[in-house]
Amino acid sequence: MSSGLENEVEKQKEYRARATKACALALWFLCLVLIAVQPSCSQKRIEETVTVDAGRSSSLAVNAQPVAIAPQLPARDADLEQAGDRIAEAVMHLKKRQGAVALTALAQSRAAINRALHSDGRDEEGREALHSTLKGIEAAERTIQRGALPDAAAQLVALNRKVDSIVIRQK
């Protein structure tokens, strides 16, 4: 009985060996097919020919008019721009915890606002806005001197928005 069992085990081993050989042969054949087909799958160069109308001198329509739109920007005030730039500089210094340098930038901003205040092209509403801005700068300076740098930075961000919204109006 043991020889019958051994025969069965031998048959299974032979079957597995044949199956393994068949799989290896099929895999080898598949690799050969892929290698043979691979060059035909690669992209071929495409030549494109463009024909242009020789009678046409431009790609634009014959009577095309250029579109020119004049932007409706407010008048530029260099002093206000400099004041806003110095306030933004002070905010950046406060974020780096450099209070003394921020105070210097605020002094420069105050000087620019004073120059804008004394220029001739301001109406009463603009002057009031500039006075209010000066008070805001002084409040921020006191906050910096107290050591509350994050609070001063928040005040100056709001103040900078206010400076950006000041419109130049003629008297």
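Exactly one of (1) without any contact (Cβ under 8 Å) to a residue 60 or more places away in the chain; (2) surrounded by fewer than 17 Cβ atoms within 10 Å (Cβ to Cβ) is unmet by Arg122. Its number?
The failed condition is (2).
Restricting attention to segment 85-98, which residues are surrounded by fewer than 18 Cβ atoms within 10 Å (Cβ to Cβ) and in a helix (DSSP H, G or I)?
First pass over segment 85-98, keeping only residues surrounded by fewer than 18 Cβ atoms within 10 Å (Cβ to Cβ): 85, 88, 92, 95-98.
Asp85, Ala88, Met92, Lys95, listed by residue number.
Could you list all residues from segment 79-103 that are within 16 Å of Asn114 (Cβ to Cβ) and touching an Asp or Glu at 6+ places or on another chain (Cβ under 7 Å)? Give the steps one after another, and end with the answer.
Residues of segment 79-103 within 16 Å of Asn114 (Cβ to Cβ): 79-87.
Hit for segment 79-103 is Gly84, nothing else.
Just so you know, all these numbers are worked out from the coordinates, no wet-lab data involved. Since we're looking at a predicted model, the values are computed, not measured. Positions of Cβ are backbone-derived with ideal geometry, glycine not excepted, and every protein chain shown enters the neighbour counts.
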